[in-house]
Amino acid sequence: MILVTGGAGYIGSHYALHERARDADVLIVDNLSRGHREAALDTPLLVGDLTDRAFLSRVFRAHRIDAVVHFAALAYVGESVVDPGPYYANNIGGTLALLDAMRDSGVSTLVFSSSCATYGHPQYSPIDERHPQRPINPYGESKLCCETMLAAYARAYGLRYVSLRYFNAAGADAEARLGESHAPETHLVPLALEVAAGRRREIVVFGTDYPTPDGTCIRDYIHVVDLVSAHALALDRLRDGAPSACFNLGTEHGHSVREVVHACARVTGRDIRAVDGPRRDGDPDRLVASAGAARAELGWRPRYGELDDIIATAWRWQQAPRY
């Protein structure tokens, strides 16, 4: 059985759906602070917090878990800057409790949802796995600390893990069963699509004076379905006996904030009002992945290479019944 932490969240729910389609036995654990009960669909869900060690012990005692895919985390860069405490308590404390519960139960296989935020300001682009990890916000610091713990537990206790550092997730399940829904919403694509759908008056472009061609931040947008397929490949790799590793996940193509807003307008055929705002603390100017290692070692091949195709799936989700 695969334990999926944070499986009622955006990426975790898509991963659980992907594994169920492969006939895997999956159990979700989520505290529902940011996730949605409905996003679990028909996958069994246990509501509880990873920082609750007694709860975790009960989960591992009651179920025949042989691997963990760990998504559960607070993940807003801006929020982590203004209120860092919960990021250290939840992301680091929850991961530590999970690792101890795994060790106590003899479970030694883990796929970890990490982030390009561990790299900080890029020294070169695209960013590969050899790039120095120097995070510039508490969210990135918390993810880097978790990676450090994984390496330490691997040396001391025999943990075998894959850490996946991915860039900007976007898009939705092709059948619109799942999508991106946060409260509050802070991610660019759903915000722009909410303006297109008439649920929001405008979108704010945070920072127009970055050293980029149009002055706005550049990010590498990867479809959520492609992300979760990499998690499945990483788990397969570990089960086949491969050693622990870290991989970047991205399309290797960057798009500016303005380009994304224009793409959303193009896909929807609707005007999207965008207003300029100040920079947000903790935002690097450019984050673009080098994903060559994931292609070579995992055999990973993203299906969605075009930004418009990614946005089109998110737009279908925006127009479907939503949780």
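Here are the numbers for this structure:
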read-out: Fraction of beta bridges assigned by DSSP in the chain that are antiparallel (%, nearest 5); value: 5
read-out: Backbone N within the range 17-35 under 17 Å of label point (7 Å from VAL47 Cα along the Cβ vector); value: 28-35
read-out: Solvent-accessible heavy-atom area per residue, rounded to whole Å², over the chain at 1.4 Å; value: 41
read-out: Two-decimal ratio, the chain, of alpha-carbon radius of gyration to 2.2 N^0.38 Å; value: 0.95
read-out: Helix 138-157 axis, angle to the chain major axis (alpha carbon atoms, nearest 10°); value: 20
read-out: Sequence-distant residues sharing a close amide H with LEU249 (under 5 Å, placed H); value: ARG165, TYR166, PHE167
read-out: The range 25-73: trypsin sites (Lys or Arg not before Pro) in DSSP coil with no more than 11 other Cβ atoms inside 10 Å; value: ARG64
read-out: For the range 232-323: rounded, prolate or oblate by the Cα gyration tensor [a/c cutoff 1.5]; value: prolate
read-out: Inter-label distance for HIS121 and ALA296, nm, one decimal - labels placed 7 Å from Cα along Cα-to-Cβ; value: 3.0
read-out: Around LEU32: net Lys/Arg minus Asp/Glu count, Cβ-Cβ under 12 Å; value: -1
read-out: Cα pair distances in the range 81-209, grouped into 10 Å bins until the bin that holds the longest one, percent each; value: 10, 30, 33, 20, 5, 0
read-out: Shape call, the range 170-262: gyration tensor on alpha carbons, a/c limit 1.5; value: oblate
read-out: Rounded percent of accessible protein surface that carbon and sulfur make up, the chain, 1.4 Å probe; value: 48
read-out: By average C-beta atoms within 10 angstrom, highest first, the peptides 102-110, 159-167; value: 159-167, 102-110
read-out: Normalised convex hull volume, the range 1-149, alpha-carbon set, Å³ per residue; value: 115
read-out: Loop-located chymotrypsin sites (Phe, Trp or Tyr not before Pro) in the range 94-139 whose Cβ has at most 16 other Cβ within 10 Å (DSSP); value: TYR124
read-out: Environment charge of GLY78, counting only residues whose C-beta is closer than 15 Å and scoring Lys/Arg +1, Asp/Glu -1; value: -2
read-out: ASP309-VAL204 FRET efficiency (beta carbon distance; Förster radius 22 Å; 0.05 resolution); value: 0.30
read-out: Antiparallel %, DSSP beta bridges [both residues in the range 106-221], to 5; value: 0
read-out: Restricting the range 192-247 to trypsin sites (Lys or Arg not before Pro) in coil, as DSSP defines it, with at most 14 other Cβ within 10 Å; value: ARG199, ARG201
read-out: The chain: angle of helix 307-319 to the longest principal axis, Cα-based, in degrees nearest 10; value: 80
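The values are calculated or read from the model by the stated rules, or taken from the named source; none is laboratory data. This structure is a prediction, so every number in the text was calculated from the model and none was measured. We place every Cβ from the backbone using ideal geometry, glycine too, and count neighbours over all the protein chains shown. Each accessible area value is taken on the protein alone, full model and side chains, heavy atoms only, with ligands, DNA and RNA left out. Shrake-Rupley method; radii C 1.70, N 1.55, O 1.52, S 1.80 Å.
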